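Q: A single structure is presented below for examination.
The values are calculated or read from the model by the stated rules, or taken from the named source; none is laboratory data. Please read these numbers as outputs of a predicted model, since none were measured by experiment. Every residue, glycine among them, receives a Cβ derived from its backbone with ideal geometry; neighbour counts consider all protein chains shown.
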Amino acid sequence: MIMPTQNYEYLHNQLLCWYKASARELPWRNTQDAYHILVSEIMLQQTQVSRVINKYNAFIRQFPNVYSLAKAPSSEVIRAWSGMGYNKRAVNLHKAANIIVTDHNGKVPESMEALLSLPGVGRYTASAISNFAFGFQLPVVDINIKRVLGRVDRGALFDTDKLAWETAKKYLPSKEKTPEWNQSLMDLGAMVCTARNPECESCPLVLNCSASIKFISMKGSKETQVKLANKKNTKFIGSNRYYRGRIIESLRDTTKPIHIDELGKLINPNYSSKGDALWLSDIISGLIKDGLINVQKGMASLP
């Protein structure tokens, strides 16, 4: 069921009032420092908020501004990223800091074009920085916002990202309220309008939502126990991504280079230089390409 018309002003007021009372306390929401927001948004890519909070605070203490991050060795940045996973993000963030210092006089650029040219910055991250740091009236569409607006506007998930972004733009409030609006949609998706078993009875948008009647009527039935997004996670342990992470962790623990064969044994006790050398070589080649390790004369180290 698609709502025939939306009372946008009522919807905005309902959600923003809920947000004032229920917002999550997140450290990057207490600043408009564009560099700090850039760091938080890169960290939040593919990583849960709970894991990011402590790491964000420690990272900002170690690299309080873009100059301190840019001048740091890559190895120091990769070590500081420990525990976050997807280590290429650390390399991209370090590269972005250097570009900001050399090309933008140490200031995170405001234009979307310049933001999108930074390593590791896509449409979502650029929009988030533009909105949260600079106050531009732009939609921000993450997985939570996409789910919330899909249910509210059409009673189902969006078929395409293009439609999700177009709808998010349609729902934007006035410019001064846009940052809080985007944050409130994120929190609603994380806390109430969850992927499984949404708490429609507690939702401030229940009267405006095209999906609420369906979910309320399903409450308690077996259907609510089924994931709405029925995707099977690829097995992580034993995958190449798993071993990439093991290699980085092994190199983080020492300042000395490690021989390739020794590294193979560290990450896999069953490693054989005869049978597994090609497999390990492929993984190491990918890490070198991503700027995560250096290899010289058979010895590997952080860059």
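Q: Considering only region 149-200, state which residues are closer than 26 Å to residue 31 by Cα, in a helix (DSSP H, G or I) and touching a Pro at 6+ places or on another chain (Cβ under 8 Å).
A: Matches in region 149-200: 165, 168, 169, 181, 182, 188.
Q: Please state which one of 140, 148, 121 is among the β-branched types (Val, Ile, Thr), within 19 Å of residue 174 (Cβ to Cβ) and buried (at least 21 other Cβ atoms within 10 Å of the Cβ). Can you show your working first?
A: On the way: 148 fails: within 19 Å of residue 174 (Cβ to Cβ); 121 fails: within 19 Å of residue 174 (Cβ to Cβ).
Exactly one residue qualifies, and that residue is 140.
Q: Any idea which of 258, 248 is in contact (Cβ under 8 Å) with a residue 60 or more places away in the chain, surrounded by 13 or more Cβ atoms within 10 Å (Cβ to Cβ) and touching a helix residue (DSSP H, G or I) at 6+ places or on another chain (Cβ under 8 Å)? Don't jump to the end; show me each part of the working.
A: On the way: 258 fails: in contact (Cβ under 8 Å) with a residue 60 or more places away in the chain.
Among 258, 248, only 248 is in contact (Cβ under 8 Å) with a residue 60 or more places away in the chain, surrounded by 13 or more Cβ atoms within 10 Å (Cβ to Cβ) and touching a helix residue (DSSP H, G or I) at 6+ places or on another chain (Cβ under 8 Å).
Q: Would you pick out the residues in region 11-34 that are part of a helix (DSSP H, G or I), surrounded by 16 or more Cβ atoms within 10 Å (Cβ to Cβ) and out of contact with any Phe, Trp or Tyr (no Cβ under 9 Å at 6 or more places or on another chain)?
A: Hits for region 11-34 are 14, 18.
Q: When you go through 178, 167, 125 one by one, which is the residue that is over 19 Å from the mean Cα position of the chain (by Cα), under 27 Å from residue 109 (Cβ atoms) and either modelled with pLDDT of 95 or more or aromatic (Phe, Trp, Tyr) (or both)? Don't jump to the end; show me each part of the working.
A: Numbers: 167 fails: under 27 Å from residue 109 (Cβ atoms); 125 fails: over 19 Å from the mean Cα position of the chain (by Cα).
It is 178.
Q: Being over 26 Å from residue 137 (Cβ atoms), basic (Lys, Arg) and at pLDDT below 95 is true for just one of 89, 51, 61. Which residue is that?
A: Working: 89 fails: at pLDDT below 95; 61 fails: at pLDDT below 95.
Going through 89, 51, 61 in turn, the sole match is 51.
Q: Then there is this: Pick from 152, 101: which is over 20 Å from the mean Cα position of the chain (by Cα) and not assigned by TED's automatic domain parsing to the domain that holds residue 60?
A: Details: 101 fails: not assigned by TED's automatic domain parsing to the domain that holds residue 60.
Criteria check complete, one pass: 152.
Q: Also: Yes or no: residue 182 of a type in the set (S, T, N, Q), surrounded by 15 or more Cβ atoms within 10 Å (Cβ to Cβ) and over 20 Å from residue 33 (Cα atoms)? Spell out how you get there, then give the answer.
A: Values: of a type in the set (S, T, N, Q): yes; surrounded by 15 or more Cβ atoms within 10 Å (Cβ to Cβ): yes; over 20 Å from residue 33 (Cα atoms): no.
When the stated conditions are applied, residue 182 does not pass them.
Q: Between residues in region 283-303 that are assigned by TED's automatic domain parsing to the domain that holds residue 257 and more than 15 Å from residue 261 (Cα to Cα) and residues that are hydrophobic (A, V, I, L, M, F, W, C) and assigned to a strand (DSSP E or B), which pairs lie under 6 Å by C-beta distance while being six or more apart or on different chains?
A: 293/300
Q: Here are 187, 161: which of them is of a type in the set (D, E, K, R), under 19 Å from residue 46 (Cα atoms) and more than 15 Å from the chain's Cα centre (by Cα)? Full working, then the answer.
A: Numbers: 187 fails: more than 15 Å from the chain's Cα centre (by Cα).
Sole residue among the options that is of a type in the set (D, E, K, R), under 19 Å from residue 46 (Cα atoms) and more than 15 Å from the chain's Cα centre (by Cα): 161.
Q: As an exercise: evaluate residue 37 against (1) in contact (Cβ under 8 Å) with a residue 60 or more places away in the chain; (2) assigned to a loop (DSSP other than H, G, I, E, B) and give the number of the one condition it does not meet.
A: Unmet for residue 37, out of (1) in contact (Cβ under 8 Å) with a residue 60 or more places away in the chain; (2) assigned to a loop (DSSP other than H, G, I, E, B): (2).
Q: Quick one: would you say residue 52 is crowded, with 16+ Cβ neighbours inside 10 Å, part of a helix (DSSP H, G or I), within 17 Å of the chain's Cα centre (by Cα) and hydrophobic (A, V, I, L, M, F, W, C)? Full working, then the answer.
A: Working: crowded, with 16+ Cβ neighbours inside 10 Å: yes; part of a helix (DSSP H, G or I): yes; within 17 Å of the chain's Cα centre (by Cα): yes; hydrophobic (A, V, I, L, M, F, W, C): yes.
Yes: the conditions hold for residue 52.
Q: What is the number of the single condition among (1) within 29 Å of residue 11 (Cβ to Cβ); (2) at pLDDT 65 or above; (3) assigned to a helix (DSSP H, G or I) that residue 247 does not meet?
A: Tallying (1) within 29 Å of residue 11 (Cβ to Cβ); (2) at pLDDT 65 or above; (3) assigned to a helix (DSSP H, G or I), residue 247 fails exactly one: (1).
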